[in-house]
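To keep things clear, I will list the structure first and then write my remarks on it.
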Amino acid sequence: MAVRGGWREWRRGIQVRGAGRRRDGRRWYAGHIRTYAGAARRRLREGELGPAPALLALAVTWIVFQSLNENFLSPRNLSVLGVDIVGTGMVAVGVVFVLLIGEIDLSVGSLAGLSGALFAALNVTHGMSEWLAVIIAVGCGAVAGAFHGFVFTKIGVPAFVVTLAGLLAWNGLMLYLLGPESTIHFSEDGLVAELTGRHFGSAAVGYGLAALGTVAYLLVAHYDRGRRVAAGMPYRPVGEIWARTALLAVVVFVAVYVLGRFEGLPLALLILLGVIVVSDVLLRRTPYGRQVHALGGGVEAARRAGVDVARMRISVFVVSGTLAAVGGLFVASRLASATQVPGSGMLLINAIAAAVIGGTSLFGGRGSTWSALLGVLIIQSIASGMALLGVQSAVQFMITGGVLLIAVVFDSLARRAAESRGRA
Amino acid sequence: MVQPLLALRGVSKRFAAVQALVDVELEIRAGEVVALVGDNAAGKSTLVKVISGAGPADKGVIEWEGGAVQIKRPQDAQALGIATVYQDLAMCGNLDVVANLFLGREIHRFGILDEVEMERRTRELLQILSIRIPDVRAPLATLSGGQRRVVAITRSFLDPPRLLLLDEPTASLGFEQTNQLLDLIEELRDRGAGVLLISHNMGDIKAVADRVAVLRLGRNNGLFNVSTTSQEQIISASTGATDNAALDRPPRPEEAWP
Ligand SMILES: Nc1ncnc2c1ncn2[C@@H]1O[C@H](COP(=O)(O)OP(=O)(O)OP(=O)(O)O)[C@@H](O)[C@H]1O
Ligand SMILES: [Mg+2]
């Protein structure tokens, strides 16, 4: 005999039998704002600072370098910075996915290098059309990622080792493709070169996009609030929505204004922002993203809840491989040539450091793709500031290393705090 | 004869060095609470994982309403209407209460999570079950051990289960919460669902169970009717003081519980 009817029916029965139980429940619906404020206070108390530390670090970096050299915050330097972050930023977004499930992908630098080399070899050496070469290069990253994920999850080799093998092997393949010259130049006004070369100078485009983004944010926030109010649940106060929107508006309009005073809005930066927004929605607002976070919180728990762990893991490595390949095209685009540089290890280190400095946890289950943007901005700002000051890269490495260490210390402390609460 | 809801026939499972289950037989009828007792490491949790699909058996047959079924993954058991509260809870500490409840069966509209609906249903369910959780958006790691167990129990009630597996659910529960859980078990039974309750607490078993199955070193060691069996008899069967080769051994009347 099956259980008849749903919970609603059962609930009706309970309501008839015990009015006392219902009174308890009504308390949940009272004082929405109080609940909301309480939750916000709890997050603060528990050290869930979100992007605040990274934003603070970025502000400090900019203030220090601006005071040392007034050209640092010039439209020209910021425009260059805005394009320089894109390659590493793209790779870092993929790294965030892998860190969220509590794993690591050491092959992303080599895959980025391979992608650039493959594009150049197919397009220049074999005369293939640019579009087809781009698709093959990116597809190659996806397939390599799928392979890493498969070996990791189906055979059980630790991700660290699989992707370390990938780091070596894909780097070898890249060197082979680049040939004895170790560099392949491609057209400076072709598709890939345009990725970082193209700027939208027109004010209409820049301010239009800024307005569009701000209004979209405002509408989504209000729609969300409306549904919560209708359902009688805690909601964000209107004042906070407007304050957040205003803050967003200030940031985007100032950015558009400043970039407009040089060459305009860089296409590369727009693509990176688009990828970040889409992946952020994917990770925070879809069942897929929910399950990615769940894997980082406990693989066994996720498996027993019915999550297809193997499929999720492989898909995450596909994302990271694909974005590494896309990032590689942006790196190559900057020089209009495929070189050994992305495979050298600095890209890998910077991408992982960017994700962690931006606030994504190395221990899995906590982070956001926006952290890739924040982290890469900090790293690239340090590099750019040091270059302006004419300081050797030796010092730059030491400072970036220090920032990374601080970020990891923060991360570890947050984890320890969470654990000590969990054991209580 | 009434068809059992779930029947295990000759289930065996082996971990590298340990033979955790040997030819275990178990039947759970609809509208019945079966308690499963046994000493530590008797194989109770292993048996629960066999039924829930978290750790399938090496050998043996699982029958559902009289027909043989394959339960190879947790999804298979969920599809049959089997809900499980594991001894180690198995929940994600970084996700909040709502997300844990709906993990693996998220509600979405056009592919976007419907947080509002999930939160509304969470509150409704907590209200129906008379369970109080101060903040349904708090990450699970910030809740106390007992609260986490309550959330795990709530999750198993998300869709009305046809068979509920409870692995030591009253451990770390407060007095009031334990009584509430026992009430819920009885209501579920009255609605025609089957319940498998693992507990070391004879009081709980006496309160809600109809029959008690004893496991000892991975083997069946007796099946008792709660209303006609003494507590000592069950305890001696699980500690191995008595060897109950025959199932359903008729108890002597003076040993019955008051
Ligand atoms: N994943 C595993 N790997 C190896 N051995 C295991 C595993 N799980 C359980 N065992 C072994 O199987 C046996 C039965 O364990 P099980 O957890 O089922 O006992 P239990 O009856 O639930 O005990 P308790 O009352 O302590 O919860 C034990 O000897 C245990 O060591
Ligand atoms: Mg156990």
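Over the stretch B:1-43, the fraction of Cα-Cα pairs per 10 Å bin, rounded to whole percents and listed from the shortest bin up, is 23, 46, 25, 6.
Ranked by solvent-accessible area (1.4 Å probe, protein heavy atoms only, all chains present), the residues A:Tyr176, A:Tyr235 order from largest to smallest as A:Tyr176, A:Tyr235.
Sort the stretch A:144-219 into rounded, prolate or oblate with this rule: let a ≥ b ≥ c be the square roots of the eigenvalues of the Cα gyration tensor; rounded if a/c is under 1.5, and if a/c is not under 1.5, prolate when a/b is larger than b/c, oblate otherwise.
Judged from the Cα gyration tensor, the stretch A:144-219 comes out oblate (a/c at least 1.5, b/c at or above a/b).
Across the stretch A:323-336, coupling constants 3J(HN,Hα) worked out from phi with the 6.51/-1.76/1.60 Karplus curve, θ = phi - 60°, read 5, 4, 5, 4, x, x, 5, 5, 5, 5, 4, 4, 9, 6 Hz, and Gly and Pro carry x. Take each residue of peptide B:95-108, count the partner chain Cβ atoms within 10 Å of its Cβ, and average: the result is 4. Backbone geometry of the stretch A:396-402 corresponds, through the Karplus equation with coefficients 6.51, -1.76 and 1.60 at θ = phi - 60°, to 3J(HN,Hα) couplings of 4, 4, 5, 5, 4, x, x Hz, x marking Gly and Pro. Just the Cα atoms of the stretch B:1-121, one point each, no solvent: what log10 I(q)/I(0) does Debye give at q = 0.09, 0.18, 0.20, 0.22 Å⁻¹? Taken in order of the listed q values, log10 I(q)/I(0) reads -0.33, -1.01, -1.14, -1.27.
Inter-chain neighbour count for B:135-145: the average number of beta-carbon atoms from partner chains within 10 Å of each residue's beta-carbon is 6.
Report, in degrees rounded to the nearest 10, the 0 to 90 angle that the Cα long axis of helix A:267-285 makes with the longest principal axis of chain A. That helix lies at roughly 30 degrees to the long axis.
Dipole size of chain B about its Cα centre, with +1 on Lys/Arg Cβ and -1 on Asp/Glu Cβ: approximately 540 debye, rounded to the nearest 20.
Near B:Ala20, the amide H atoms lying under 5 Å from its own belong to B:Lys13, B:Arg14, B:Phe15; only residues 5 or more places off or on other chains count, and H is placed 1.01 Å from N. Based on the Stokes-Einstein relation at 20 °C and a viscosity of 1.002 mPa s, and on the Kirkwood radius from alpha carbon pairs, the stretch A:267-327 is assigned a translational diffusion coefficient of 170 µm²/s. For the stretch A:94-240, the convex hull spanned by the alpha carbon atoms encloses 189 Å³ per residue. Most simply put, the protein assembly as shown has about 60% antiparallel DSSP beta bridges, counting only bridges with both residues inside it.
Placing +1 on each Lys and Arg Cβ and -1 on each Asp and Glu Cβ, with no other charges, gives the protein assembly as shown a dipole about its Cα centre of roughly 1680 debye. Comparing Cα centroids, the stretch A:66-129 and the stretch A:148-173 end up 21 angstrom apart. Ordering of B:88-95, A:318-325 by packing is A:318-325, B:88-95, highest average first (other Cβ atoms within 10 Å, averaged per residue).
Remark: the stretch A:206-359 carries a charge dipole of roughly 420 debye about the Cα centre, counting +1 on each Lys and Arg Cβ and -1 on each Asp and Glu Cβ.
In order along the stretch B:45-62, phi translates into HN-Hα couplings of 5, 4, 5, 4, 5, 5, 6, 7, x, 6, x, x, 6, 7, 8, x, 10, 10 Hz, rounded to whole numbers, per the Karplus curve 6.51 cos²θ - 1.76 cosθ + 1.60 with θ = phi - 60° and x for Gly and Pro. For chain A, the longest principal axis of the alpha carbon atoms and the long axis of helix A:159-178 meet at an angle near 30°. If you take all other residues with their beta carbon under 12 Å from the beta carbon of A:Pro75, and give Lys and Arg +1 and Asp and Glu -1, the sum is +1. Rounded, prolate or oblate, given the Cα gyration tensor of the stretch B:112-175, with a/c below 1.5 counting as rounded? Cα axes put the stretch B:112-175 in the oblate bin.
Averaging the Cα positions of each part gives two centres, and for the stretch A:195-227 and the stretch B:76-125 these lie 34 Å apart.
Counting every pair of alpha carbons in the stretch B:136-239, the share spaced more than 22 Å apart comes to 38 percent.
Here, the stretch A:44-109 yields an orientationally averaged convex hull projection of 6.5 nm² when only Cα atoms define the hull. Can you tally the net charge around B:Ser227? Count Lys and Arg as +1, Asp and Glu as -1, for every other residue whose Cβ sits under 10 Å from the Cβ of B:Ser227. Once positives and negatives cancel, what remains is +1. Set against the 2.2 N^0.38 Å expectation for a compact globular protein, the stretch A:241-357 has a Cα radius of gyration ratio of 1.37. Close amide H partners of B:Leu165, meaning residues 5 or more places away or on another chain with modelled amide H under 5 Å apart, are B:Ala83, B:Thr84, B:Val85, B:Leu196. Rounded to the nearest 10 degrees, the inclination of helix A:75-100 to the longest alpha-carbon principal axis of chain A is 60 degrees.
Under a Gaussian network description of chain A, with springs only between Cα atoms under 10 Å, the residue in A:Ala52, A:Ala137, A:Ala92 that fluctuates furthest is A:Ala52. For the stretch A:342-393, the C-alpha radius of gyration divided by 2.2 N^0.38 Å, with N the number of residues, is 1.25. Short to long, the 20 Å bins of the Cα pair-distance histogram for the protein assembly as shown hold 16, 42, 28, 12, 1 percent of all pairs. Could you compute how fast the stretch A:290-398 diffuses translationally, taking Rh as the Kirkwood radius over C-alpha pairs and applying Stokes-Einstein at 25 °C with viscosity 0.890 mPa s? Give it in µm² per second. So the translational diffusion coefficient is about 153 µm²/s. Would you mind counting up the charge near B:Ala20? Only other residues with Cβ under 9 Å from its Cβ, with Lys and Arg at +1 and Asp and Glu at -1. Charge balance in the 9 Å sphere: +2.
Against the 2.2 N^0.38 Å scaling, with N counting residues, where does the stretch A:303-342 land? I'd like the Cα-based Rg ratio to two decimal places.
1.78
The GNM of chain B, with springs linking C-alpha atoms under 10 angstrom apart, assigns the highest mean-square fluctuation among B:Ile107, B:Ile51, B:Ile153 to B:Ile107. The calculated P(r) of chain B, using every Cα pair and 5 Å bins from 0, goes 1, 6, 13, 17, 18, 17, 13, 8, 4, 2, 1, 0, 0 in percent.
The values are calculated or read from the model by the stated rules, or taken from the named source; none is laboratory data. Note that this is a predicted model, so its numbers are computed, not measured. All Cβ positions, glycine included, derive from the backbone under ideal geometry; neighbour counts span all protein chains shown. Only protein heavy atoms, including side chains, enter the accessible area calculation; ligands, DNA and RNA are left aside. Shrake-Rupley method; radii C 1.70, N 1.55, O 1.52, S 1.80 Å.
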